[in-house]
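Presented below is the structure to which this report refers.
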Amino acid sequence: MLLNLLEYHWVEDIDEALLLIARTDTKTVPLAGGTYLLGLDDQSIQAIVDLRDLELTYIRDDVKGLHIGAMTTLQMMVDSPVLKDLVTGLLSRAAQASSFSRLIRNSATLGGTLATGVASQADLLTALAVLDAEVLVRSGSKLQVDLSGGSLDRPGFALAGVTYKGKQERRIPCSAFSLEHRPNELIIEVVIPPTGSSYGASFLRIGRTPTDIALLNAAALVEVTDGVYTQVRLALGGVNMEPMRLHGVEKQLEGQHAMNPENTTINAQLLVSALQAGMANFQPPSDFRASSSYRRISGMNLAFRALEEATNISRWRNMVSSKERQ
Ligand SMILES: Cc1cc2nc3c(=O)[nH]c(=O)nc-3n(C[C@H](O)[C@H](O)[C@H](O)COP(=O)(O)OP(=O)(O)OC[C@H]3O[C@@H](n4cnc5c(N)ncnc54)[C@H](O)[C@@H]3O)c2cc1C
């Protein structure tokens, strides 16, 4: 409960929200779906800014990629035909897995999930890391100054109480978001760079039950061209764990032949060697649900299966598109 809440602002434009959040005399935070914020026991929060009318609920495509507004709910991401189509539905499946309660998914937003970070325990964060997604954030400031005109010998027209309004915008990679995000920044949208039609993706998770939070999850995105890995992206995440991109494994695989010489089966030995070498320094955190060594061993197994599935899908999509061209 926010016991010291004094102000509730229902804003209609983004600039108004930015100026309220930038205040230093009253601790003001954005309110999205409220599923996390309203349950917090934080007595320092004095004001909330309701974002529902800011027109940040959208999923749209352009040449720069796919734009998902901060107020898009997890359920909208599950249902979106565009996201179901994007790399075999990686994001929409991860949004579904993020909370198995439809009630929560109907309220919880993409922006709220990103701002909550690891505490949200959302599978979505691992999928966003593998898609090289970036978060567009904006901050605002207001400054009042008195301007004196002219010079000492020839005084000019003076102006008192001139207000300067400033705005800054920047993009933060999703994988570094919790480290780089500042409290006065409003999340506007997430941008996912374009992905080719031959990409294959996989999203796998381990939980105590199928609907429980993930002890470990893995997302892989692979492009195989003429039997060679041209793009490999792999991330592991899970409860109380920041998603980690496994760049070491990715580098080991890119440029290598994905298939065995007879070109019918995946080169599993290559995957195993790349995972062993690339995950040598993988040190996941421990908590009461899963120890670090459990996550390390299961993580390698899960990553293998994710890469294998993504490779198969990419090959299959290549075959379908080359048949369509004939
Ligand atoms: C019983 C229960 C169980 C839940 N279980 C899960 C679960 O298993 N998995 C899961 O993923 N989620 C779960 N949640 C939901 C959850 O708490 C989330 O992390 C949720 O996604 C937060 O989104 P929201 O839109 O409700 O954010 P809010 O609660 O409105 O806000 C969360 C935080 O984000 C900030 N914020 C919101 N929007 C912005 C923005 N645009 N820019 C900057 N900051 C912003 C807020 O100020 C606040 O600090 C659960 C919630 C409840 C009540």
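The values are calculated or read from the model by the stated rules, or taken from the named source; none is laboratory data. Source: prediction; values computed, not measured. Cβ coordinates were reconstructed from backbone atoms using ideal geometry, including for glycine residues, and neighbour counts include every protein chain displayed.
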Q: Identify, from the list 228, 232, the residue that is crowded, with 18+ Cβ neighbours inside 10 Å, touching a residue at least 12 places away in the same chain (Cβ under 8 Å) and closer than 30 Å to residue 315 by Cα.
A: 232
Q. Residue check, residue 289 against (1) assigned to a loop (DSSP other than H, G, I, E, B); (2) exposed (fewer than 14 other Cβ atoms within 10 Å of the Cβ); (3) over 23 Å from the mean Cα position of the chain (by Cα), all met but one. Which one?
A. (2)
Q: Scan the range 66-86 residue by residue and report those that are more than 14 Å from the ligand (Cβ to nearest atom) and in contact with a Leu (Cβ under 6 Å, 6 or more places away or on another chain).
A: 83
Q: For the range 111-128, name all the residues that are part of a helix (DSSP H, G or I), surrounded by 22 or more Cβ atoms within 10 Å (Cβ to Cβ) and near the ligand (Cβ under 8 Å from one of its atoms).
A: 111, 112, 113, 114, 115, 124
Q. Going through the range 59-89 one residue at a time, which ones are closer than 19 Å to residue 108 by Cα, under 16 Å from the mean Cα position of the chain (by Cα), of a type in the set (Gly, Ala, Ser) and not in a strand (DSSP E or B)?
A. 70
Q) Here are 263, 301, 281: which of them is surrounded by 14 or more Cβ atoms within 10 Å (Cβ to Cβ) and either modelled with pLDDT under 95 or part of a helix (DSSP H, G or I) (or both)? A) 301
Q | Residues that are within 12 Å of residue 112 (Cβ to Cβ) and either more than 8 Å from the ligand (Cβ to nearest atom) or crowded, with 17+ Cβ neighbours inside 10 Å (or both), drawn from the range 19-35 | A | 29, 30, 31, 32, 33, 35
(Q) Which residue is surrounded by the most Cβ atoms within 10 Å (Cβ to Cβ), if the candidates are limited to the range 129-138 and must be part of a strand (DSSP E or B) and either at positive phi or over 8 Å from the mean Cα position of the chain (by Cα) (or both)? (A) 137
**Q.** Selection from the range 93-102 of residues that are near the ligand (Cβ under 9 Å from one of its atoms), assigned to a helix (DSSP H, G or I) and surrounded by fewer than 18 Cβ atoms within 10 Å (Cβ to Cβ)
**A.** none
(Q) Show the residue pairs meeting these rules: Cβ distance below 8 Å; 6+ apart or different chains; first residue within the range 41-57 and closer than 17 Å to residue 137 by Cα and among the aromatic types (Phe, Trp, Tyr); second residue within 11 Å of the ligand (Cβ to nearest atom) and not in a loop (DSSP other than H, G, I, E, B). (A) none
(Q) Would you confirm, using the coordinates I've provided, whether residue 54 is within 9 Å of the ligand (Cβ to nearest atom), among the aliphatic types (A, V, I, L, M) and assigned to a helix (DSSP H, G or I)? (A) no
Q.
Residues that are modelled with pLDDT under 90, outside any strand (DSSP E or B), within 24 Å of the chain's Cα centre (by Cα) and among the hydroxyl-bearing types (Ser, Thr, Tyr): does the range 198-221 have at least one?
A. yes
